[in-house]
Amino acid sequence: MKQRPPSPKPSPAPAPVLPATSSRFFFTWQDWVAAVATFLVAFGVYFYCMSPEVTLQDSGELVTGAFHFGVPHPTGYPTWTFLGWVWRHLVPFGNPAWRLGLFSVVTGATLVGILTLLMTRSILMLLRNCSWGAALEEPVKNGLSLSIGTMASLMFAFNRGVWQWACVPEMRALNAFSYVATTCLLFAWMMRPQHHRYLYTLLLVWGLSLANHQTIIIMLFPIVIGMWMVGFFGDPADRLRYANLMEFGFACFVAWTAGVLVNAWLLTGPNDSLWNAQIKTVLLFGPKSKPLPVVLLAGGSAAALLALGIHQRMLHWPRAVIGAVIFLGALSMYAYMPVAASTNPPMNWGFAATKQGFLHAITRGQYEQIRISWPTTEKFWIQMGLFIQALLKQYGWILGVFAVVPALALWNDWKRLQSRARQWLIFSLAAFLIAWIGLIFIINPEIDKVNQEINLKFFVGAHGFFAMLLGYGVALTLAWGLTRWPQIPQRRVMQGSWVGLACVAIPFTVNRAACDCHGQDFGYQFGYRMFAPGGGYEPMEKDAVLFGGTDPGRFVPTYMIFCESFVGPRQRYRDPWCDPEGGPKFDRRDVYIITQNALADSTYLSYIRDHYDHSRPDPNKPATLEKFDPWQRAWLRFAWRPLHRHVMYPREPIRIPTEKELSLAFQQYVNETRGRMLNPEEEVTFDPAGRVSVRGVAGVMAINGILTKWIFDWNKDKHAFYVEESYVIPWMYPYLTPHGNIMKINRDIVPTPQENPELWAMIVKRDKAYWDDLCKQFLARPEFRRSTDAQRAFAKLRSAIGGIYAYRRMIPEAEYAFQQARKLCPDSPEANFRLAQLYIEQGRIDDALAVIKSLLELDPLNPRIRQAVDQMENMRRARNEIGALEAQWRTNANHFPLLVQLAQTYARLGQIPQLLAACQTYLSQTNRTAIEYLNTAQMLISAGQIQPALAIVQTATQHFPQDPQVWYAAALLLGGTGQNELALSALTHAIQLAPALRDQARTDPRFGPLARHPRFQNITEPR
């Protein structure tokens, strides 16, 4: 029997290193061949899978912004927007969305090529700098680096975070490109730190990336770690080993200082300068301005770092200054936003032409502020688990194990790893952990099903670093195996390693259904049918006003009006599924598109006024330009015709609310809330100066409802109105009828089904036929079945129309519409919740509970659905209890605890008339005391019934005129409902009866705005 030769023991000495500077060029021709090959593969797949037209996420507004030199949603994405504007001129054919989609295809394929360069070169470096690679022949190392690098790059190419966004016209492919490009440049610098061009290019690319997507700020920490390790593992005798880190730090501190100063300037008034408002105050009177401590910290750190480096000869100050200038120049891409906004583009989000608007845009002012996700919460660990689950789904559980090998190599083979291998593996692991855990800390992603899909795009960097670690793990494992068993033919293994390309099939098969947009015309159909619905409906009237609520409901028609309509007939899309002859003729530049959800935002209202109001800017009317700075006036005059602003908007203006009228709308809403209890989604607060602040969806939408009603009333005589509904605006319902996939706001109130049954029979017949045909077409198409965006968007449209029938109490028709929406999208929140609400209103609690439980099965981590299930379970229990409680009440109407229990049950069931009747029965009993009246009123307040509670308290003041607590309660309720004079009179009477109440009232927060009334202050003044 032939004995197996003993395995050679690994040598404790470090493996020999081939110097990275031995070649003039950093990448070899083999690296470039592999990169070109992966570029072509990725380009071919992406191009085939590219969406043919606008999609149903953000592409409508992003394409409009890039196509017309505008400003998309915060943070504006100026790098992508400007590059997209340049690209659309370089590719002057195809519909606008297709052109920008091609830009994404090229960007995505390029990042795959760059990642291939990085992977092939870095794997070769690792094999040359680890003990396991010492026994490998140089051609074997080269072959393994090429095969494994190509495999890892293509696996990332078909990762959902890259593939999906490389096929649609959005900026997210450029964000993924930024991660790869900055990492590749850092690697080149770490291998050749004496070549400063890599550092300068890194600062340029990273700065431009920050001006595209701010989440890439997390790369700061991996970059610093990588640079620090180069110095730490460098020659201790070299005083300049930390020079590049210090130069990079100097650039960051200078940029931080500049950013704080710009922020301080943006916070000044329209006519103030930073000198007058901030710096001059500091110099003359000391540190009174808020930015000063940060300026001193950032600027002082920059100066100290530079001074220390020069004094200790640890850096070259000219290079530090050059790096800072390059970084500031890259970040100055944000200046594109006010420049573009000053031309009055059709997409002018945030109104960045003003200081307030620019600050609002770059700081994400309209969005929820950052809420850190802490490890002490259960949600954090769910987020961590969901990320790991999504990550391993992309690459496979078995293959994902190899990503742990680099960490094991560092732990077990630290002393035998050369410094370059240590540096790069530490950087890669740190970058992965920071791009994963650090981003979870910052963005605190929601965990419901919809948000899980949305948040995948934010973790593309972490997925990329994981692909790198996976590739390194495979390479190191093969090197270890060939060292452990030297009898294995190395060249055979090297040749067989190309079989690993089959692993690319894992992410390809997992993600194809979600990423393949080939033939998906649903965004186009969504928009085209708004204007030309077909199915017996007339096209939208000329010069109509369209309110668009949801993201696709406002973005897609914006694109159709300002992009699809602006290109020639040959460039417009011809949809084989939707009026192929009408597509080339589409031109609806006459339509006014307004987002009803944003009218309460003064920056949005400002840019809509500039589009459509009588005050919109026109160089031929100098008075309309007075609000702009001189440079903006000159720039608008220059860009007026080259950017087609003179023909961009409908010729006839319409009336849009002014800033003063916006304030009046706020005040009207506040006055309305004083007569009722605020619901959980409303928050009205007053600052010490008396200024009102409204937060919460319900409160903001109430103000939006007031503003939309004014716009409708002012302009309905000359313009037809339509709405794509997001949140319900109650005043619209009496005017609404279905109009294809959206709704028409008729000029006058539509007769009820009881008043005109023939009219509603015709409305229902046409609506059902339209949606039956549309559902039949969509559900038969595999493209629709794999497009969750299309399913949700059209289900939302159908649910909104079902809301018309629910409002009209046409129960069978409403149920039919909601069920149809559920067929289009079984996990649609709107369809399921509205159907459940319909059932609850009919007392069908079991049916409602069944609907929501079926939704919970599809979205088990959604807290809103779980809460709804709990509420319905409580309602079912309350329904079962109500009979017994009512029987007890009929025999014991004097028992207050029983009244409370009965009232709470009525409130849970929404039976308010029965609740009020029970309270009246209780108070009608003889010998009721003042405290019993007040307790009953308090119970009604808890149920949200403010006016009935006030009526009870006012009755109590008549029965118990000498009770100070009754008058005090009356003052509170009258003040809360805006009846200030009556409230002050009641409070005066209460204090006259009980002077001790004066001190209580003075500090009682329940009086709210009334406490600022001069008479209140006089009444409660200490005696």
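The values are calculated or read from the model by the stated rules, or taken from the named source; none is laboratory data. Note that the structure is predicted; figures quoted are calculated from it, not measured. Neighbour counts run over all protein chains shown; Cβ positions are idealised from the backbone, glycine included.
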Determine, yes or no, whether ASN880 is in a loop (DSSP other than H, G, I, E, B) and surrounded by fewer than 16 Cβ atoms within 10 Å (Cβ to Cβ). no
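Mind listing whichever residues of the range 881-928 are of a type in the set (Gly, Ala, Ser) and on the phi > 0 side of the Ramachandran plot? Talk me through it step by step, then tell me what you get.
So the first thing to find is which residues in the range 881-928 are of a type in the set (Gly, Ala, Ser), and the list is 883-884, 887, 893, 903, 907, 910, 917-918, 924.
GLY910, the sole residue that qualifies.
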Log entry, pairs with first residue in the range 853-874 being among the charged types (D, E, K, R), second being surrounded by 14 or more Cβ atoms within 10 Å (Cβ to Cβ) and outside any helix (DSSP H, G or I), beta carbons closer than 8 Å, six or more apart or on different chains, reads ASP859/ASP448; ASP859/ASP827; ARG864/ASP448
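Provide a single number: the residues in the range 975-1003 that are part of a loop (DSSP other than H, G, I, E, B) and either closer than 15 Å to PRO1022 by Cβ or β-branched (Val, Ile, Thr) (or both). Explain how you work it out, then say what you get.
Let us first name the residues in the range 975-1003 that are part of a loop (DSSP other than H, G, I, E, B), namely 977-979, 994-996, 1003.
Now narrow it down to the ones that are either closer than 15 Å to PRO1022 by Cβ or β-branched (Val, Ile, Thr) (or both): 977, 995-996, 1003.
Residues in the range 975-1003 being part of a loop (DSSP other than H, G, I, E, B) and either closer than 15 Å to PRO1022 by Cβ or β-branched (Val, Ile, Thr) (or both): 4 in total.
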Of the conditions (1) at pLDDT 95 or above; (2) in contact with a helix residue (DSSP H, G or I) (Cβ under 7 Å, 6 or more places away or on another chain); (3) surrounded by fewer than 22 Cβ atoms within 10 Å (Cβ to Cβ), the single one that ASP590 does not satisfy is (2)
Residues in the range 557-580: is at least one crowded, with 23+ Cβ neighbours inside 10 Å and small (Gly, Ala, Ser)? no
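Of all the residues that make up the range 916-952, how many are in contact with a Ser or Thr (Cβ under 9 Å, 6 or more places away or on another chain) and surrounded by 21 or more Cβ atoms within 10 Å (Cβ to Cβ)?
At the first step, the residues of the range 916-952 found to be in contact with a Ser or Thr (Cβ under 9 Å, 6 or more places away or on another chain) are 919, 922-923, 928, 933, 946-947, 949-950, 952.
Imposing the further condition that a residue be surrounded by 21 or more Cβ atoms within 10 Å (Cβ to Cβ) reduces the set to 919, 922, 933, 949-950, 952.
Counting residues in the range 916-952 that are in contact with a Ser or Thr (Cβ under 9 Å, 6 or more places away or on another chain) and surrounded by 21 or more Cβ atoms within 10 Å (Cβ to Cβ) gives 6.
Step by step: first the residues of the range 96-118, then only those that are of a type in the set (S, T, N, Q) and out of contact with any Pro (no Cβ under 8 Å at 6 or more places or on another chain), then the one that is farthest from GLN520 (Cα to Cα). Which residue is that?
Step one: of the range 96-118, the residues of a type in the set (S, T, N, Q) are 104, 107, 110, 116.
Retained after the next criterion (residues that are out of contact with any Pro (no Cβ under 8 Å at 6 or more places or on another chain)): 107, 110, 116.
Details: THR107: 21, THR110: 24, THR116: 30 Å.
Applying the filter and picking the extreme gives THR116.
Given the residues ALA135, ALA181, ALA173, which is the only one that is within 29 Å of TRP206 (Cα to Cα) and surrounded by fewer than 24 Cβ atoms within 10 Å (Cβ to Cβ)?
Sole residue among the options that is within 29 Å of TRP206 (Cα to Cα) and surrounded by fewer than 24 Cβ atoms within 10 Å (Cβ to Cβ): ALA181.
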Could you list, in sequence order, all residues of the range 890-942 that are touching a residue at least 60 places away in the same chain (Cβ under 8 Å) and within 20 Å of ARG879 (Cα to Cα)? GLY910
Picking from ILE763, ILE742, which residue would you name as being closer than 26 Å to LEU824 by Cβ and in contact with a helix residue (DSSP H, G or I) (Cβ under 7 Å, 6 or more places away or on another chain)? ILE742
Which numbered condition GLU446 misses (of (1) part of a loop (DSSP other than H, G, I, E, B); (2) touching a residue at least 40 places away in the same chain (Cβ under 8 Å); (3) surrounded by fewer than 21 Cβ atoms within 10 Å (Cβ to Cβ)): (2)
When you go through (1) under 43 Å from the mean Cα position of the chain (by Cα); (2) crowded, with 22+ Cβ neighbours inside 10 Å; (3) of a type in the set (Val, Ile, Thr) one by one for THR977, which number turns out not to apply? (2)
Out of (1) more than 24 Å from MET155 (Cα to Cα); (2) surrounded by fewer than 24 Cβ atoms within 10 Å (Cβ to Cβ); (3) small (Gly, Ala, Ser); (4) at pLDDT 60 or above, what's the single condition that is false for GLY70? (2)
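Quick one: which of PHE547, PHE555, PHE562 is within 17 Å of PHE522 (Cα to Cα) and either more than 25 Å from the chain's Cα centre (by Cα) or not β-branched (Val, Ile, Thr) (or both)?
Working: PHE547 fails: within 17 Å of PHE522 (Cα to Cα); PHE562 fails: within 17 Å of PHE522 (Cα to Cα).
Going through PHE547, PHE555, PHE562 in turn, just one is within 17 Å of PHE522 (Cα to Cα) and either more than 25 Å from the chain's Cα centre (by Cα) or not β-branched (Val, Ile, Thr) (or both): PHE555.
Conditions tested, residue by residue: (1) touching a residue at least 12 places away in the same chain (Cβ under 8 Å); (2) assigned by TED's automatic domain parsing to the domain that holds LEU664; (3) not in a loop (DSSP other than H, G, I, E, B).
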{"position": "VAL567", "(1), (2), (3)": "yes, yes, no"}
{"position": "ARG570", "(1), (2), (3)": "yes, yes, yes"}
{"position": "TRP577", "(1), (2), (3)": "yes, yes, no"}
{"position": "PRO584", "(1), (2), (3)": "yes, yes, yes"}
{"position": "ILE593", "(1), (2), (3)": "yes, yes, yes"}
{"position": "ARG609", "(1), (2), (3)": "yes, yes, yes"}
{"position": "ASP618", "(1), (2), (3)": "no, yes, no"}
{"position": "LYS627", "(1), (2), (3)": "no, yes, no"}
Could you tell me which numbered condition GLN423 fails, if it satisfies all but one of (1) of a type outside the set (Phe, Trp, Tyr); (2) within 18 Å of the chain's Cα centre (by Cα); (3) surrounded by 19 or more Cβ atoms within 10 Å (Cβ to Cβ)? (2)
Consider ASN451 carefully, then state whether it is among the polar types (S, T, N, Q), in a helix (DSSP H, G or I) and surrounded by fewer than 16 Cβ atoms within 10 Å (Cβ to Cβ). yes
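Determine, yes or no, whether THR957 is surrounded by fewer than 18 Cβ atoms within 10 Å (Cβ to Cβ) and over 22 Å from ILE882 (Cα atoms).
Details: surrounded by fewer than 18 Cβ atoms within 10 Å (Cβ to Cβ): no; over 22 Å from ILE882 (Cα atoms): yes.
So THR957 fails the test.
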What helices (runs of 4 or more DSSP H) lie completely within the range 745-810 and have 1 or more residues being surrounded by 22 or more Cβ atoms within 10 Å (Cβ to Cβ), hydrophobic (A, V, I, L, M, F, W, C) and in contact with a Cys (Cβ under 9 Å, 6 or more places away or on another chain)? 788-807
Return only the number of the condition from (1) within 13 Å of THR81 (Cα to Cα); (2) touching a Gly at 6+ places or on another chain (Cβ under 8 Å) that ALA335 does not satisfy. (2)
